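Enquirer: Below is the structure I would like to discuss, written out as structure tokens.
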Amino acid sequence: MEKRKPPASTAVFRSKSRHERHVNAWVYTLLTGISILWLLPLVLLLLQSFRGESGGQVAYVLPRQWTLKNYAFLFEGARWSIQRLYHTPSALLMTLLSALGAALLSLWFLKKPFSPFAQTPSRLKHLLLLCALWFLLQLVRCLDVSRCDFLQWYRNTLIIAIFCAALQTLMVLSVAYTLSRMRFRGRRLMMNAVLVLGMFPGFLTMIVLYYLLKTLGLTQAGAVPGLILISVASSGMGYYIAKGFFDTIPRALDESARMDGATRLNIFLKIILPMAKPIAIYTVLMGFLAPWGDYVFASYVAFGHKAGYNVAVGLYRWVNTSDYQGYFTRFCAGGVLVALPVTALFMWLQKYYVEGITAGAVKG
Amino acid sequence: MWRTVLVFTIAVPQFISLLYVSKLFAADGLINGLLLRWGWIRQPLPFWTNPAWARITIIGINVWVGIPYMMLIATGILMNIPSDLYESARIDGAGAFQTWRKITLPYMLFVTGPYLLTSFTGNINNFNVIFLLSQGRPLSLEMAGNAGSTDLLITWLYKMTVTDSNYKLAAVIGILVFVVCAGVNLLVYNLIPSVKNEEDFQ
């Protein structure tokens, strides 16, 4: 086989002029400066979390004594309690099922071409992933309730985030699809009303919601279901980006599917949703990320009841209590533990996030 | 890669970076500690205790938090400006600054108009930044009802609801905030070129 030579005129090399090199140098310096400025607090946070010599703030950056004791403090009350895994028959069943799911999932990750699980339908894979996650959550138990605050808060926030992500996506996509595709009396009125209501600051409803949740018993001890209810119930109002996206999908698609005899549900699930994958993933991501930073509602609904806090409220209390001097490095460690999965998820899905906000910004 | 660095800043939950930065600037925090140790200053800089300093610091940190979002949107838009506009401008002999002023800037402002408006309204109600950074302190005797020098209406509302249980005043403040925001929104939205000159840009 003769070696092919590339045609001589494809690559045009032009040596950079001095002016261009100057400009490039400035630009790269600026970019490096910006990166340092933005990453510096995060790097400092990471460094401070390993500090062993004192808990409070100090005037130097690098720890003199590197230790993991701050992270150990976060996990203090927890034990790898094996007994609770087979404590009751239902617990045992749950453990076996989720262990099986985790094992199958690890086989799937191998992804060898001759793996028997290469052909598993993806819905089953998602179910297995959930089983694996549930299994991992079961492993860590809190035996000494007074000492494992952080784990309790983490668990609360994780539960709220998962439920909010799932239910909010369901609501937002349904509302957006309905408003985009169907025409009914009061549609314009409803859209305008939602727009105007959205301009009210959300805190006005805080007091009323608290009393409402109190009658339902969903405050303090029941703070987690209460927070999920609040977030999900008002999530339909954030339909703008999804609706804008659905509007760009031509109606002709719907109509031809209907002529072929598809029901509305079929059209939505099988045609529209796969096309709207970026926006759907963006909605799921937003729903998942919001509870991690929610201070106002979480602190009000779980008023005073420490076991019902979420991570934001808990860490805030640590940093701003009167004896925060001892808790500062622990706050840093907690912050790192909170930031790690959230950041990893975000970076994995960042493509969809960027698409989501550019679409939202352009369409208003 | 540069964009990934800034996206990383968005990825970290905002309350963590805000809480950490609030302690960074505190009187016994890292910045004051370093400056004192190097002998550049005699006493700790009053970032959170002097009202004017506190306000400037909050604005600075808010900008620090918000720039990555804006950068993402801006790069997305810049990549979509048709390049033949630039070509024809260059052929007509426009310099770099003129190109920027007459092509890039109007295009950007047109596309990000609604976003700027939402960002304005959002910042009027930006509870997280103020509360996590300075809790509305320094408290000031000149203001009514426990308000501080860096309090927004929204943080004042929160303090009144949670600590004073003064629901009447809190409700009034909420309604006033709504009136102002809605008024500004409706007024500006119909005036910005994004809505008026929609045809020109298509």
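The values are calculated or read from the model by the stated rules, or taken from the named source; none is laboratory data. As the structure is a prediction and not an experimental result, all values here were calculated from the model. Every residue, glycine as well, gets a Cβ built from its backbone with ideal geometry; the counts of neighbours run over all protein chains shown. Note: accessible area is taken over every heavy atom of the protein model, side chains too, but ligands, DNA and RNA are not part of it. Shrake-Rupley method; radii C 1.70, N 1.55, O 1.52, S 1.80 Å.
Enquirer: So what does A:Arg188 come to for accessible area, using a 1.4 Å probe and Å² rounded to 10?
Expert: Per-residue accessible area (A:Arg188): approximately 150 Å².
Enquirer: Still on this model: Using modelled backbone amide H atoms (1.01 Å from N, in-plane), which distant-in-sequence or interchain residues come within less than 5 Å of B:Ser149's amide H?
Expert: Long-range HN contacts for B:Ser149: B:Leu139, B:Ser140.
Enquirer: Right, something else. What average number of partner chain Cβ atoms lie no more than 10 Å from the Cβ of the residues making up A:281-294? Write down the numbers at each step before the final one.
Expert: Working: counts 0, 0, 0, 0, 0, 0, 0, 0, 4, 1, 0, 4, 7, 2.
Taking all residues of A:281-294 together, the mean is 1.
Enquirer: While we're looking at this one, here's another question. Between rounded, prolate and oblate, where does the stretch A:193-299 land on the alpha carbon gyration tensor, with a ≥ b ≥ c its root eigenvalues, rounded for a/c under 1.5, else prolate if a/b exceeds b/c?
Expert: The shape class here is prolate.
Enquirer: How much accessible area per residue does the stretch B:19-85 have, in Å², with a 1.4 Å probe?
Expert: Values: 3540 Å² over 67 residues.
With all protein chains present, the stretch B:19-85 gives 53 Å² per residue.
Enquirer: Compute the relative contact order of the stretch A:258-330 as a whole-number percentage, counting only Cα pairs closer than 8 Å that sit 6 or more residues apart in sequence.
Expert: So the answer I get is 17 percent.
Enquirer: So, one more: Along the charge dipole of chain B, which of B:Tyr189, B:Pro51, B:Thr75 sits closest to the positive end, that is, farthest toward it, with unit charges on the beta carbon of Lys, Arg, Asp and Glu (+1, +1, -1, -1)?
Expert: Farthest towards the positive end: B:Pro51.
Enquirer: Rounded to whole Å, give me the distance from the Cα center of the stretch B:1-54 to that of the stretch A:237-279.
Expert: 47
Enquirer: Now, a different point. I need the peptides B:185-191, B:23-29 ranked by packing, meaning the mean over residues of other C-beta atoms within 10 angstrom, with the highest value on top.
Expert: Ranked from most to least packed, the peptides come out as B:23-29, B:185-191.
Enquirer: Residue by residue through the stretch A:184-195, which ³J(HN,Hα) values in whole Hz follow from phi under the Karplus form 6.51 cos²θ - 1.76 cosθ + 1.60 (θ = phi - 60°), with glycine and proline marked x?
Expert: My calculation for the stretch A:184-195 gives 9, 5, x, 5, 4, 4, 5, 5, 5, 4, 5, 4 Hz in order.
Enquirer: If you don't mind, there's one more thing I want to ask. Given the DSSP H assignment, sum -39500 (n - 2.57) over each helix run of at least 4 residues in chain B and divide by its residue total; what's the result at 222 nm in deg cm²/dmol, nearest 500?
Expert: Here the helix-only value at 222 nm equals -21000 deg cm²/dmol.
Enquirer: Further, regarding this structure: Take every residue in peptide A:28-41, count the Cβ atoms of other chains within 10 Å of its Cβ, and give the average of those counts. List each step's numbers first, then the result.
Expert: Numbers: counts 1, 0, 0, 3, 2, 0, 6, 7, 1, 3, 11, 5, 2, 11.
Across the residues of A:28-41, the mean count of other-chain Cβ atoms within 10 Å is 4.
Enquirer: Using a 1.4 angstrom probe on the protein heavy atoms only, could you order B:Asp92, A:Asp254 from most to least accessible area?
Expert: Ranked list, largest accessible area first: B:Asp92, A:Asp254.
Enquirer: Leaving out ligands, DNA and RNA but keeping every protein chain, what accessible area does A:Glu355 have, in Å² rounded to the nearest 10, with a 1.4 Å probe?
Expert: Number for this one is 80 Å².
Enquirer: With all protein chains present and a 1.4 Å probe, how do B:Arg101, A:Arg185 order by accessible area, largest first?
Expert: Final ranking, largest accessible area leading: A:Arg185, B:Arg101.
Enquirer: Relative contact order, percent, of chain B when contacts are C-alpha pairs under 8 Å separated by at least 6 residues?
Expert: On the way: 149 pairs, mean separation 38.8, N = 202.
The value is 19 percent.
Enquirer: Ok, one more. What relative contact order, as a whole-number percentage, does the stretch B:62-182 give when Cα pairs under 8 Å and 6 or more residues apart are counted?
Expert: Worked out over the stretch B:62-182, it gives 15 percent.
Enquirer: Zone of A:Met182 (label point 7 Å along Cα→Cβ, backbone N under 19 Å): which residues in the stretch A:251-288?
Expert: Answer for this model: A:251-259, A:261-273.
Enquirer: Here's another thing I want to ask about it. As I understand it, the value is the acute angle between the Cα axis of helix B:105-124 and the longest principal axis of the Cα atoms of chain B; what does it come to in degrees, rounded to 10?
Expert: It is inclined by approximately 20 degrees.
Enquirer: Taking 26 Å as the cut-off for C-alpha to C-alpha distance, list the pairs among A:Lys306/A:Lys351; A:Lys69/A:Lys306; B:Lys23/B:Lys159; A:Lys69/B:Lys23; A:Lys214/B:Lys168; A:Lys243/B:Lys102 that go past it.
Expert: Checking Cα-Cα distances, A:Lys306/A:Lys351; A:Lys243/B:Lys102 exceed 26 Å.
Enquirer: Next question. Testing the spin-label approximation: label points 7 Å from Cα along Cα→Cβ at A:Arg264 and B:Tyr86. State their distance in nm.
Expert: In this crude spin-label approximation the distance works out to 4.7 nm.
Enquirer: If you don't mind, there's one more thing I want to ask. What is the distance, in nm, between label points placed 7 Å from the Cα along the Cα-to-Cβ direction at A:Arg18 and at B:Leu187?
Expert: Distance between label points: 5.5 nm.
Enquirer: Say each of B:Phe120 and A:Asn320 gets a label point 7 Å from the Cα, pointing the same way as Cα to Cβ; how far apart are those two points in nm?
Expert: 2.9
Enquirer: When 1/r is averaged over all different Cα pairs and the result inverted, which Kirkwood radius in Å belongs to the stretch B:84-136?
Expert: Values: mean 1/r = 0.0723 Å⁻¹.
After inverting the mean inverse Cα-Cα distance, the result is 13.8 Å.
Enquirer: For the stretch A:22-36, take each phi angle, set θ = phi - 60°, evaluate the Karplus expression 6.51 cos²θ - 1.76 cosθ + 1.60, and give the result in whole Hz per residue in order, putting x for glycine and proline.
Expert: 4, 4, 4, 4, 4, 4, 5, 4, 4, 4, 5, x, 4, 4, 4
Enquirer: How large a share of the accessible area of chain B, in percent, is made up of carbon and sulfur atoms when the probe is 1.4 Å and the other protein chains stay in place?
Expert: Result for chain B: 66 percent of the exposed heavy-atom area is carbon or sulfur.
Enquirer: Rounded to whole Hz and in sequence order, give me ³J(HN,Hα) for the stretch B:89-95 from the Karplus expression 6.51 cos²θ - 1.76 cosθ + 1.60, θ = phi - 60°, writing x for Gly and Pro.
Expert: Once rounded to whole Hz, the list reads 5, 5, 5, 6, x, 7, x.
Enquirer: In terms of the Cα gyration tensor, with a ≥ b ≥ c the square roots of its eigenvalues, is chain B rounded because a/c is under 1.5, prolate because a/b exceeds b/c, or oblate?
Expert: Values: a/c = 2.71, a/b = 1.46, b/c = 1.85.
Cα axes put chain B in the oblate bin.
Enquirer: Can you put B:Trp38, A:Trp38 in order of accessible area, largest first, using a 1.4 Å probe?
Expert: Heavy-atom accessible area, descending, gives B:Trp38, A:Trp38.
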